Structures are given as C-alpha cells and as structure tokens.
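The structure under discussion appears below in the form of structure tokens.
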Amino acid sequence: MTESKGTSTIRRGTNLPRVGDFNESVILDAIRRHPTGLSRVELARATGLSAQTVSNITRRLLDQGVARESGKQSSGNGKPRTLLEIVPGSRYALGVHLDPAVITCVLVDLLGTVVAQRSQVTPSGDTDKIAADMAASVSAIVAESGVDRERILGLGIAAPGPIDAEAGWVVDPPELRGWGRYPLRDSLSEATGFPAVLDKDVTAAVVAERWTGSATDSRNLLFFYFGTGSGMGLVVDDTVLRGASGNAGEVGGFGAAFSTRTVVEESIALGVLGAEYTVTSPPDAQRGLERLAALAVAGDAQADGVLERLAIRIGRGVSAAATLLDIDTIVFGGPTWHLLADRLLVTIEPMVASSPFVKATHPTAVVSTTLGVSVAAVGAASLVLDHALSAQPRTLLLK
C-alpha cells in the first residue's frame, strides 16, 4: 500500500513507500524471522491475530509471490500443517555506502542476501560529481544483475554523520571536506529513479545486523563501527535508536580517539610508521592502518602497543555503553575492522566480560560482523527492507 502525499509528509527521513498494512507487515516479519517456516496456526499464535486475518493476509502474500508454501509439518494426531516461507527473489533492495575512503553499492534480496556488489575508491573534489558517481554505480549494478526494476523496493543510502534525517541531507561530515549541507537522498533518488532513504552509516550497520547479520535474535544490540571514523549504532528493546535528528551514536571527540586517522597519526609520532604514511586523505589513513596491522602481525612490539592501547580505549567505551543501555550483544565491523579484528578482540572480549560496568545478570556476546566490509552498504539496503516490510507501529497513527 503506497501512502498518500499528505501522509508521506509526516514520515521522517525517507520517501519510501510502504508495501503493506500493519498486520501484513507483522505476518511478513514473523515469517522472515523463522527461516524453517511457520504454519498459519503458528502465525496466529505468534502475532495475536485471528485465524481469519492470518488466512486472508497469507493468501494475499501467496498471490503476490512474496511468500510460498514450503512443505508440511506434523502436528501429532491432527492434519499436517502447511508451512510458509519468504520467497527471497520476490523483492530486492539497493544499498549504497558513502565512506570517505570507498563507495560500496549492493543489491540484496528480501532476506538481505547480497546478489550483486561493486565498489570504488571515493573520489575527491566536487560533491555533485561524487553523487553522480554513486548514482552511476547504482544504475550499473541494476543493469548487471538483470533484476526487474519493478521488483526493487528502493534505494538506501548510508553516509557519515552528522545528517539531517528529515531533509535527507549530509551535514558537513568531518572526513568529507567541502561537502557542507548536501541533499544526497533526493539527489540520488532523482538520478536513479528509485525512492530513497538516508541514514547514518552506523545506524545502517546495526539495522543490517538486526535484519540478516550476527544479531538477528538480539533485541538489545550495540554495533561498534570502525572505518575512517567510528561510532556506535544502537538497538534497545528491538527498536533502532536514532534520536531527535537521526544522529544517535555520533560520539564526537570520543569517537575521534578510535578513528583510523588518529591511530595512524599516533604511529607516525612514535616512529612506528614513517613520514610517508602522513595522513592527508582517507585512503592514506587506510594505507597506514594496513601497514600498522602487518607490522603487528610480524611481531613489532611498538605496533602491537599502539593496537593494545586502541583496544583498551574501545573496550572501555563499549563496556560503558553496554551497561548504560543493558545491551546483550556487541558487534564490531566497518570498512577497516577486518584489518585489526583478531588483535583487538583478544583484548576487548575479556574486558567486556570482566568489566564492572557490564551487567552480571546476563552474558554479553562480543562478536565481529558476518557481513564483512560491506556491512554498512548491506545496512543501507536493509533500511529499505525494514521500512517497507517490517511492522512499524508509528504507521498506526497515520490511519
């Protein structure tokens, strides 16, 4: 169901249409969360909807090709129940991640599985040119995939904060010099022809983990994003925290202590890295971090010391955040996390486990993302899926 023009002006941070009504979204979400399938009786029990409502909605989903019958389940002495599952290729979503070092574009199916992907070094210079390159990547990935455009629900955009979520603007990101206030959402929507949504990269990443990553079963999740910059994405009681302006998790100077640039600059000051690694751009910082990681693996004690101090700073930060919000799962990821993951987790995991800040009433899982360096791009696409298909209680206020 596409919302009316008047309704869409109330919605914050997106021009994406909804696919179905609230109850239909509840049913879809329940089926999606059970990959082995659910029967109509189980759907009624899980959602609290009447058997007749469930029957009507599942009939529509079957007719639309979004769901399918996937087999039978024995129910004891009674008649075997027919199971329902999502049809992954019935709908798709696009995601593009603007990182100061790299632009990544993905196409995912209804379960969030990547079916096509491409990336390029983020060019410097004119913002309109960079936006045009992003739009070209989106159009190219659609053409290369062969997926029918009518099956693509929209385009999600993940960008460094701060952002203006309602207007769809990026707002002078620290590592994207010269951008100022730029209408990235509407620019890409107009250039590609897809409805679009813009969110922060850390928020997109946490949505990806919640939709298809390491924490699909967690209702209270922290995602620590490590890239050119750093930040935290947050889920509390199964709700993504965005804040008044969409900038929750933007940790300012605190986050700067974890950034790739800060780590490389510390290494140069200590003589661990040579002056040739001086940071003048995000790709320079990436190159320096790669060299630092290689030195640590080779046994360089000073390089390892830099990483140990970084791990301690991160460990303290996530431990404090985890107890403040009573988090049960901490996921680490981002474009450069894979370079340091094994070394940093050796220090961070026991810090979280033994921290006086972390609640002793439940375990706190500490894991790396399973979605790789493209987690924010997958998250951008997941924003589309989440908006179009997940139950959104706020839509009840718009009826």
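Counting only residues that are in a helix (DSSP H, G or I), over 14 Å from Gly227 (Cβ atoms) and of a type in the set (A, V, I, L, M, F, W, C), how many does the stretch 269-286 have?
Adding up the residues that qualify gives 2.
Filter the stretch 280-303 down to the residues that are free of Cβ contacts under 8 Å to residues at least 40 places away in the same chain and buried (at least 21 other Cβ atoms within 10 Å of the Cβ) and list them by number.
Gly288, Leu292, Ala303
Is it the case, given these coordinates, that Ser319 is more than 15 Å from Leu340 (Cα to Cα) and either in contact with a Ser or Thr (Cβ under 7 Å, 6 or more places away or on another chain) or assigned by TED's automatic domain parsing to the domain that holds Ser382 (or both)?
Values: more than 15 Å from Leu340 (Cα to Cα): yes; either in contact with a Ser or Thr (Cβ under 7 Å, 6 or more places away or on another chain) or assigned by TED's automatic domain parsing to the domain that holds Ser382 (or both): yes.
Considered against the rule, which asks whether it is more than 15 Å from Leu340 (Cα to Cα) and either in contact with a Ser or Thr (Cβ under 7 Å, 6 or more places away or on another chain) or assigned by TED's automatic domain parsing to the domain that holds Ser382 (or both), Ser319 comes out as yes.
Which of the following residues is farther than 30 Å from Ser145 by Cα, among the basic types (Lys, Arg), surrounded by 13 or more Cβ atoms within 10 Å (Cβ to Cβ) and at pLDDT below 85: Arg40, Arg45, Arg11, Arg18? I'd like the intermediate steps shown before the answer.
Details: Arg40 fails: at pLDDT below 85; Arg45 fails: at pLDDT below 85; Arg18 fails: farther than 30 Å from Ser145 by Cα.
Going through Arg40, Arg45, Arg11, Arg18 in turn, just one is farther than 30 Å from Ser145 by Cα, among the basic types (Lys, Arg), surrounded by 13 or more Cβ atoms within 10 Å (Cβ to Cβ) and at pLDDT below 85: Arg11.
Please go through the stretch 18-55 and pick out each residue that is basic (Lys, Arg) and assigned to a loop (DSSP other than H, G, I, E, B). Please lay out each step first, then the result.
First pass over the stretch 18-55, keeping only residues basic (Lys, Arg): 18, 32-33, 40, 45.
Correct list: Arg18, Arg33.
Which residue pairs have Cβ atoms under 9 Å apart, sit 6 or more places apart or on different chains, and have a first residue in the stretch 57-73 that is in the same structural domain as Glu85 (by TED's automatic domain parsing) and without any contact (Cβ under 8 Å) to a residue 60 or more places away in the chain and a second that is in a strand (DSSP E or B) and surrounded by fewer than 17 Cβ atoms within 10 Å (Cβ to Cβ)?
Filtered contacts from the stretch 57-73: Leu61/Arg68; Leu62/Arg68; Leu62/Glu69; Glu69/Thr82; Ser70/Thr82; Gly71/Thr82; Lys72/Thr82; Gln73/Thr82.
Residues Leu307, Leu295, Leu344: which one is in the same structural domain as Leu241 (by TED's automatic domain parsing), at pLDDT 95 or above and in contact with a Phe, Trp or Tyr (Cβ under 8 Å, 6 or more places away or on another chain)? Spell out the reasoning first.
Numbers: Leu307 fails: in contact with a Phe, Trp or Tyr (Cβ under 8 Å, 6 or more places away or on another chain); Leu295 fails: in contact with a Phe, Trp or Tyr (Cβ under 8 Å, 6 or more places away or on another chain).
Just one listed residue meets the conditions, Leu344.
Looking at (1) in a helix (DSSP H, G or I); (2) touching a residue at least 40 places away in the same chain (Cβ under 8 Å), which one does Asp133 not meet, given that it meets all the others?
Asp133 satisfies every listed condition except (2).
Which of the following residues is crowded, with 22+ Cβ neighbours inside 10 Å and within 21 Å of Asp201 (Cβ to Cβ): Thr370, Thr336?
Details: Thr370 fails: crowded, with 22+ Cβ neighbours inside 10 Å.
Being crowded, with 22+ Cβ neighbours inside 10 Å and within 21 Å of Asp201 (Cβ to Cβ) holds for just one of Thr370, Thr336, which is Thr336.
Could you pull out the residue among Gln73, Gln120 that is in contact with a strand residue (DSSP E or B) (Cβ under 6 Å, 6 or more places away or on another chain) and within 28 Å of Gln286 (Cβ to Cβ)? Talk me through it step by step, then tell me what you get.
Working: Gln73 fails: within 28 Å of Gln286 (Cβ to Cβ).
Exactly one residue qualifies, and that residue is Gln120.
The values are calculated or read from the model by the stated rules, or taken from the named source; none is laboratory data. None of the values given here were measured: they were computed from a predicted structure. Here the Cβ is made from the backbone with ideal geometry for all residues, glycine too, and neighbour counts use every protein chain on show.
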